[in-house]
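The values are calculated or read from the model by the stated rules, or taken from the named source; none is laboratory data. Only a predicted model underlies this, so the values are computations on that prediction, with no experimental measurement involved. All Cβ positions, glycine included, derive from the backbone under ideal geometry; neighbour counts span all protein chains shown. For accessibility, only protein heavy atoms count, side chains too; no ligands or nucleic acids. Shrake-Rupley method; radii C 1.70, N 1.55, O 1.52, S 1.80 Å.
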Amino acid sequence: MTENKYVRTETSGGIATVTIDRQAKLNALNPRVIAGIDAAFTALRGDADLRAVILTGAGDKAFVAGADIGVLAEMGTLTGAEVSRAGQEVLRRIERFPRPVIAAVGGYALGGGCELALACHLRVASERARFGLPEVGLGIIPGYGGTVRLARLVGLGRAAEMILTGEMIDGKRAAEIGLANVVVPHEEFMDRARKVAGRIARNAPVAVEMALASLYGAEENTMEHALAFEATLFGLLASTDDMKEGMAAFLEKRRAVFGGS
Ligand code: COA
């Protein structure tokens, strides 16, 4: 377990839970919180046994209620661009994290909090989750990749609706439009996130990592290059012990035990 004033990490059975805990401000992201999140993921990169990460917010009300408006209010032109760029970089490192990252959203995921959830690979929502990008009501736009990632996830029309109106949607609606992968009763959302992580953890770790690389590589490539990249990764996996084990286990009608190489 690693400790930071606002961010803590607990690991059990190859699954890390990173909890953002600044409850007095609904877990809003100030520079120290953002640095804590970044440090937590950097530390997890060194964990060879890690299979998945759950990212969540402490308390009953919020995942993260946004970037800290008190900090944003002090921005000028240059510092504003820097605030945006610095946050984007941290979220990008989460998106490129080599293990699946699941956002477990039990309350407000607004502004930068919604963008943080969007940078994760999967989102498990409680019925009490509230997703929204209210930035235009504050005279700004989403600046941590929200305009880009939301449109990719739910389509341009729905992203435009959320970003231009600034209105929140609940967990059920988020699941309907594909913003959340699933919505469950509030009491169950952490268990469900752990269940999804556990299901991922049963699979071949290198294959999971390559699947992420191919999925996200494809978004940034032409069809030709994306398909070539997929074929290369597919070929690389054919040389792993995990592939031999996975296929042997199927043929022998037993459960595979993957060593991760
Ligand atoms: N930045 C800084 N402080 C925030 C915050 C944010 N994004 N979101 C909430 N807080 C603070 C509130 O100022 C309040 O602090 P205080 O007790 O010192 O006054 C505390 O968190 C609790 O929030 P409060 O507004 O009293 O809770 P609520 O249940 O009445 O409302 C929200 C909850 C989420 C609807 C409301 O806090 C809100 O609209 N927050 C801003 C959301 C936003 O615009 N985020 C995008 C920023 S780019």
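Looking only at segment 92-116, which residues are free of Cβ contacts under 8 Å to residues at least 60 places away in the same chain, open to solvent by 10 Å² or more (accessible area, probe 1.4 Å) and within 16 Å of the ligand (Cβ to nearest atom)? Once the filter is applied, which keeps residues that are free of Cβ contacts under 8 Å to residues at least 60 places away in the same chain, open to solvent by 10 Å² or more (accessible area, probe 1.4 Å) and within 16 Å of the ligand (Cβ to nearest atom), segment 92-116 yields only LEU110.
State whether one or more residues within segment 41-58 are within 16 Å of the ligand (Cβ to nearest atom) and more than 16 Å from ILE200 (Cβ to Cβ). Give the steps one after another, and end with the answer.
Within segment 41-58, the first condition is being within 16 Å of the ligand (Cβ to nearest atom), and the residues that meet it are 57-58.
Narrowing the set further to residues that are more than 16 Å from ILE200 (Cβ to Cβ) leaves 57-58.
Taking every residue of segment 41-58 in turn, at least one turns out to be within 16 Å of the ligand (Cβ to nearest atom) and more than 16 Å from ILE200 (Cβ to Cβ).
Report yes if GLU82 is within 15 Å of the ligand (Cβ to nearest atom), at pLDDT below 95 and open to solvent by 30 Å² or more (accessible area, probe 1.4 Å), otherwise no. Against the criterion (within 15 Å of the ligand (Cβ to nearest atom), at pLDDT below 95 and open to solvent by 30 Å² or more (accessible area, probe 1.4 Å)), GLU82 does not qualify.
Just for segment 129-151: of the residues that are in a loop (DSSP other than H, G, I, E, B) and more than 11 Å from the ligand (Cβ to nearest atom), which one is nearest to HIS186 (Cα to Cα)?
We begin by selecting, within segment 129-151, every residue in a loop (DSSP other than H, G, I, E, B); these are 129, 133-134, 139-145.
When the remaining residues are screened for being more than 11 Å from the ligand (Cβ to nearest atom), the result is 129, 145.
Values: ALA129: 8, GLY145: 27 Å.
In this case the residue turns out to be ALA129.
So how many residues does segment 152-174 have that are part of a helix (DSSP H, G or I), within 16 Å of LEU110 (Cα to Cα) and hydrophobic (A, V, I, L, M, F, W, C)? Adding up the residues that qualify gives 6. When ALA129, ALA197, ALA180 are checked against the criterion of being open to solvent by less than 20 Å² (accessible area, probe 1.4 Å), assigned by TED's automatic domain parsing to the domain that holds GLY87 and out of contact with any helix residue (DSSP H, G or I) (no Cβ under 8 Å at 6 or more places or on another chain), ALA197 stands alone in meeting it.
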